[in-house]
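Trainee: Take a look at this one; I'll ask things after.
Every read-out reported here was derived from the displayed coordinates using simple, explicitly stated rules and does not represent laboratory data. Fair warning: this is a prediction, and the values are worked out from it, not measured in the lab. Cβ sites come from the backbone with ideal geometry, for glycine too, and all protein chains shown count toward neighbours.
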Amino acid sequence: MVAVATEPSTLDPQLVNDRSSRIVTDNVFETLLVRDGSAQIQPKLADSYERVDDTTWRFVLHPGVTFHDGSPLDADAVVFSIERIIDPEFDTQRTSYTEGIAGAKKVDDRTVDILTDGKNPVLPAEMTSIPMVSPASAQQQSFGHEVVVGTGPYTFKSWQRGREIQLERHDGYWAEKPSIPAFTVRVVPDAQTALSALQAGEVDLVFDLFPEQSALAPQVKEVQASDFSYVAFNTYKKELSDPRVRRAMNLAVDKESLAKTIYQGHASPNQAQHLAKGMLGFSPGLAPFPYDPEQAKRLLAEAGYPDGFDLELHVPIGRYSKGEESADFVAAALDAVGVHTKVVKHDWNDYRTLGRVKGTEQDAFDLKYGWNSNEWFDAARIKSHITCEGASSKFCNKSVDQLVDAGANTFDQADRQRDYEQMWATLHDDPYSIYLLQQHYIFGTSKRLVWDPRPDDAYFVSTMKLTS
């Protein structure tokens with residue numbers, strides 16, 4: 001039994017991507033490639049792959065794999081899955097996972113070419129993030145209700161809305177079968193109720209354990225995550241259009257104090273970039289913006305706001321560990337330098353939709369608190385948040401776009417590293433967000449659960465065992 005704080009809006013793995021849905025979809029659906037526990041890309045539904053030319057990658061599928069409905073995982077199914085997720089009419093919220101993919105073409109029953117609209121050095125990483133779906137079931141358009149069909153080790157059994165989702169082991173699974181025969185994902189919005197259920201042995205795993213709860217759990221698992229918390233600016237708003245204002249707002253927030261107080265040391269200030277050491281594009285020359293409220297006030301005055309101005313900061317309820325408290329902390333810090341900030345809290349599914357309103361539109365958020373995951377371990381993952389036409393972006397700097405394009409249009413990793421370091425340097429002078437923390441995932445588990453969490457926020461129940 002797994003407890004999650006927010007209920008998925010859908011179980012269609014190609015439509016949305018959040019933790020509460022992934023604990024289900026990671027186990028029902030599979031991808032052509034997958035990352036192992038040390039984050040290295042490995043074959044999954046594809047036995048092998050190669051780059052044929054600058055715009056073509058060829059994948060050879062594992063033989064004999066079938067979906068839970070009995071249909072084959074063949075080239076036609078892969079082409080369907082790729083074409084479905086990139087179709088603008090499908091309107092996926094996973095556009096950052098499909099950047100540069102132009103389509104797919106069948107070579108033979110077991111061979112597929114993935115086509116790109118130019119050089120795409122992160123195509124293998126993208127293939128770890130695009131689940132394959134059964135064409136027959138997908139065309140019924142019933143995902144999230146009764147029909148959820150993949151190739152994975154578990155099959156969907158039932159969904160009691162507002163309460164729980166049940167899955168059971170697929171006896172016809174093509175690879176090694178998991179040891180846990182079935183599991184349930186229970187929706188428990190209240191953190192104390194979730195902890196009590198864990199203590200009572202009613203659940204085996206609780207996501208996003210609060211730092212102060214860690215001493216009370218039967219067992220705690222923690223991993224430095226590939227998630228980075230931030231507050232995104234709507235730079236189309238007049239008051240936020242000046243980079244000096246945005247640098248001032250970075251200087252106004254004491255990230256060290258946020259990590260030590262709200263997270264009790266279970267997080268650390270990120271180095272003004274949504275990367276960590278070891279990820280491609282990480283810039284070792286950058287450091288967190290220092291806490292300097294007096295300099296923040298001077299910059300605001302230079303920009304023409306000696307008396308500050310009013311903003312709203314939007315945050316989802318229950319989605320991010322200590323998210324609401326972090327938003328309140330940031331708002332108080334901004335208030336202290338004259339940027340009067342009202343925190344507005346939303347249901348997660350409402351926030352996810354409202355947060356994508358373009359910065360040029362009337363109802364766009366001024367400020368948006370969130371976590372950005374980088375399960376690719378590559379700076380290319382940030383593209384949709386920082387480019388002029390990015391689906392999640394309310395920021396535009398043509399120099400940033402040029403550096404993003406340069407990093408995306410070469411297969412030379414040293415050149416990509418250089419381009420992305422320059423990109424982050426530009427985003428330091430012209431910030432798209434308040435850079436906050438590199439998060440840690442804190443999980444509460446039962447004593448009987450044997451499992452090691454992953455930094456990429458994937459949840460494979462097949463890697464878990466119960467001792468009794």
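Trainee: Kindly provide the pair-distance distribution of segment 30-136 built from C-alpha pairs, with 5 Å bins from 0 and whole-percent values in order of increasing distance.
Mentor: It works out to 2, 13, 24, 27, 20, 11, 2, 0, in whole percents.
Trainee: Among 86-96, 286-296, how do they line up from the highest to the lowest mean number of other beta-carbon atoms within 10 Å?
Mentor: My ranking of the peptides, most packed first, is 286-296, 86-96.
Trainee: Taking θ = phi - 60°, what integer Hz values does the Karplus form 6.51 cos²θ - 1.76 cosθ + 1.60 yield along segment 434-440, in sequence order, with x for Gly and Pro?
Mentor: 7, 7, 9, 10, 8, 7, 10
Trainee: Answer rounded, prolate or oblate for segment 225-440, using the Cα gyration tensor with square roots of eigenvalues a ≥ b ≥ c: rounded when a/c is under 1.5, else prolate when a/b is larger than b/c, else oblate.
Mentor: Since a/c stays below 1.5, the shape of segment 225-440 is classed as rounded.
Trainee: Provide the packing ranking of 109-121, 240-252, 297-309, i.e. peptides ordered by the mean count of other C-beta atoms within 10 Å per residue, highest first.
Mentor: Descending mean neighbour count gives 240-252, 109-121, 297-309.
Trainee: What are the lysines whose alpha-carbon lies under 29 Å from the alpha-carbon of residue 119, with same-chain residues fewer than 8 places away excluded?
Mentor: Straight-line reach from residue 119, under 29 Å: 44, 105, 106, 277, 358, 383, 394, 398.
Trainee: Each residue of segment 446-461 in order: what ³J(HN,Hα) in whole Hz does its phi give by Karplus 6.51 cos²θ - 1.76 cosθ + 1.60, θ = phi - 60°, with x for Gly and Pro?
Mentor: So the J values, rounded to whole Hz, are 6, 5, 8, 7, 10, 5, 10, x, 10, x, 8, 6, 9, 9, 9, 5.
Trainee: Counting Lys and Arg as +1 and Asp and Glu as -1, each charge on the Cβ, what is the dipole of the chain about the Cα centre in debye, to the nearest 20?
Mentor: 720
Trainee: Right, next: Tell me, Kirkwood radius of segment 202-323 from alpha-carbon pair distances, in Å?
Mentor: Radius from the Kirkwood sum: 17.0 Å.
Trainee: Let me ask something else. Helix 398-408: angle to the longest alpha-carbon principal axis of the chain, degrees 0 to 90, nearest 10?
Mentor: Around 30 degrees separate the two axes.
Trainee: Can I ask one more? Restricting to DSSP H runs of at least four residues, report the calculated mean residue ellipticity at 222 nm for the chain, -39500 (n - 2.57) per run over all residues, nearest 500 deg cm²/dmol.
Mentor: -7000 deg cm²/dmol
Trainee: State the answer as a single residue: which of 29, 286, 78 lies farthest towards the positive end of the charge dipole of the chain, with beta carbon charges of +1 for Lys and Arg and -1 for Asp and Glu, about the Cα centre.
Mentor: Result: 286.
Trainee: Also, I was wondering about something else. R0 = 35 Å: FRET efficiency of residue 119 with residue 463, Cβ-based, nearest 0.05?
Mentor: 0.55
Trainee: Give a residue-ordered list of calculated ³J(HN,Hα) values for segment 231-236 (Karplus: 6.51 cos²θ - 1.76 cosθ + 1.60, θ = phi - 60°; whole Hz; x for Gly, Pro).
Mentor: With coefficients 6.51, -1.76 and 1.60, one gets 10, 7, 8, 8, 6, 7 Hz.
Trainee: Please list, in chain and number order, the residues 5+ apart from residue 440 or on another chain whose amide H is under 5 Å from its amide H, with Hs placed from the backbone.
Mentor: 225
Trainee: What is the dipole size for segment 204-251, taken about its Cα centre, with +1 at each Lys and Arg Cβ and -1 at each Asp and Glu Cβ, in debye to the nearest 20?
Mentor: 500
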